[in-house]
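Okay, so here's the structure we're looking at.
The values are calculated or read from the model by the stated rules, or taken from the named source; none is laboratory data. From a predicted model like this one, the values you see are computed outputs, not experimental measurements. Glycine also receives a Cβ, built like all others from the backbone with ideal geometry; neighbour counts cover every protein chain displayed. When the accessible area is computed, the model is the full protein with side chains, heavy atoms only, and any ligands, DNA or RNA have been set aside. Shrake-Rupley method; radii C 1.70, N 1.55, O 1.52, S 1.80 Å.
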Amino acid sequence: MVNRQINYTNICVNGCVFCAFRRDRADDNGAFILSHDEILARLKAAEQSSLKLDEVHIVGGCHPALPFAWFEELLKLVSANFPGLPIKAFTPVEIAHFAKQEKTSAAEILSRLKNAGLVMLPGGGAEIFNPELRYRLCPQKANAREWLDISAEAHAQGIKSNCTMLFGHLESYGDRVEHLLMLREQQDKSGGFLCFIPLPFLKENSRIELPPERRGPVDGLDRLKTIAVSRLLLDNIPHIKAYWIMLGEKLAQAALWYGADDLDGTIVEEKIGHMAGARSSQGMTISQLEHMIRDAGFVPIRRDAAFGEAPAHA
Ligand code: SF4
């Protein structure tokens, strides 16, 4: 797919210890926040290329001061300026943050965002559901129950979503299986997850003290096996993504033989994985993605945001 990722700010109140992307304050080195105009300018530039965007993907840190109205207005501006462009935005963690800021329910936040043009939630922020690990890794963040409940509420409102798991840090194989089973159980109840995205932990610039056996380069085969096990266990989630940004292009290609059926898209600009040490490109062209898929022995299909086949313009 042709998509454009927008990371609107890296200033975040949550302070997750594994996160290389976040900054605590606006004057910290590398802190940024994009204005509405800057975001619209990035999307205009993407639209002016010869390829029509299939999706915009908007995520960022939980900013301490940006009011919820700023986000509502952003989605309204994107909808008005780019009619028909599907907006996938804000993980359940960001939704929980908005609800806390506004002193309202996640249901109210989701409904207002839907009215402003939101069609889908990305799957970030699930990390690992085990409560003890979650407390060590990201104590301020929405907990597992909140993350799952917000996903369920989105599904109830007709907003589809994705789901993720961050692996290769402090967790055991048992923790991974427990996480996958919780996603499977939620999917049986609410049915709105379209895709599972296993995210290998990237250590560079992270403050996690890893156990000795996890300190070298993460084992590529472990990543592939995790994709394979996910495909088998999550029999009720239609798609498994080999997210080339985090896996790297070559492993993502191999992952297609291990149960993944999606490579995400062109992306264009990505900060979260790259600030954590991802060595992949910032973006890819459609023909690079096509070659990756064909060279691995598969047939590329351009898709839309909801995993349908993209229309004829593609
Ligand atoms: S992972 Fe997300 S919520 Fe946690 S510190 Fe980073 S940007 Fe904030």
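Under DSSP H, which helices of the chain have Cα atoms covering 27 Å or more of the helix axis and a Kyte-Doolittle average no less than 0.5? Don't skip to the end; give the middle numbers.
Details: long enough: none.
Once both thresholds are applied, nothing remains.
Provide the packing ranking of 129-135, 17-23, i.e. peptides ordered by the mean count of other C-beta atoms within 10 Å per residue, highest first.
Numbers: 129-135: 15.9, 17-23: 20.1.
Top to bottom by mean Cβ count within 10 Å: 17-23, 129-135.
Would you compute, from DSSP H runs of 4+ residues alone, the mean residue ellipticity of the chain at 222 nm, taking -39500 (n - 2.57) per run and dividing by the full residue count, rounded to the nearest 500? It would help to have the intermediate numbers written out before the result.
Values: 12 runs with 126 residues, N = 314.
Counting only the DSSP helices, I get -12000 deg cm²/dmol.
Roughly speaking, what is the centre-to-centre gap between region 48-127 and region 1-45 when only Cα atoms are used, to the nearest Å?
Spelled out, the Cα-based centre of one part sits 13 Å from the other.
For the chain, what does the accessible surface come to per residue with a 1.4 Å probe? Please give it in Å².
Numbers: 13390 Å² over 314 residues.
Per-residue value: 43 Å².
Within region 197-246, report the GluC sites (Glu not before Pro) that DSSP leaves as loop and that have at most 16 other Cβ atoms within 10 Å. The partial results should precede the final answer.
Details: sites: GLU204, GLU209, GLU213; in loops: GLU204, GLU209.
Qualifying residues, ordered by number: GLU204, GLU209.
Roughly how many Å is it from the Cα centre of region 178-205 to that of region 207-240, as a whole number?
12 Å
If you project the alpha carbons of region 36-141 onto their three principal axes, what span does each projection cover, largest first, in Å?
48, 27, 21
With an 8 Å Cα cut-off and a minimum separation of 6 or more residues, compute the relative contact order for the chain in percent. Walk me through the intermediate numbers first.
Working: 560 pairs, mean separation 59.3, N = 314.
Computed over the chain, the figure is 19 percent.
Find, among the trypsin sites (Lys or Arg not before Pro) in region 159-227, those assigned to loop by DSSP (not H, G, I, E, B) with at most 13 other beta-carbon atoms within 10 angstrom.
Working: sites: LYS160, ARG176, ARG184, LYS189, LYS203, ARG207, ARG214, ARG215, ARG223, LYS225; in loops: LYS203, ARG207, ARG215.
For trypsin sites (Lys or Arg not before Pro) across region 159-227 that sit outside H, G, I, E and B with at most 13 neighbouring Cβ atoms in 10 Å, the list reads ARG207, ARG215.
Give the lysines reachable from LYS100 as a straight Cα distance under 29 Å; neighbours fewer than 8 places away on the same chain don't count.
Qualifying lysines at Cα under 29 Å: LYS76, LYS88, LYS114, LYS141, LYS160, LYS189, LYS271.
Can you tell me which of ASP304, ASP175, ASP219 moves the most in a GNM of the chain? Springs connect C-alpha atoms under 10 Å apart.
Taking springs between Cα atoms under 10 Å, the residue moving most is ASP219.
Between ASN81 and GLU209, what length in nm is gained on full extension when 0.36 nm per residue of separation is reduced by their alpha carbon distance?
Working: separation 128, 0.36 × 128 = 46.08 nm, distance 4.53 nm.
Fully extending the segment from ASN81 to GLU209 adds 41.6 nm.
Once every Cα of the chain carries one equal point scatterer and solvent is ignored, give the base-10 log of I(q)/I(0) from the Debye formula at q = 0.08, 0.09, 0.10 Å⁻¹, two decimals.
With one equal scatterer per Cα and no solvent, log10 I(q)/I(0) is -0.32, -0.41, -0.52.
Taking only the C-alpha atoms, wrap a convex hull around region 111-259 and report its volume per residue in Å³ as a whole number. Intermediate values should be presented prior to the final figure.
Working: hull volume 18.1 nm³, N = 149.
Dividing the Cα hull volume of region 111-259 by its residue count gives 122 Å³.
For the chain, just give the cysteines left without a disulfide-compatible partner, judged by no other Cys Cβ under 4.7 Å.
By the Cβ distance rule, which asks for a partner under 4.7 Å, the isolated cysteines are CYS12, CYS62, CYS163, CYS195.
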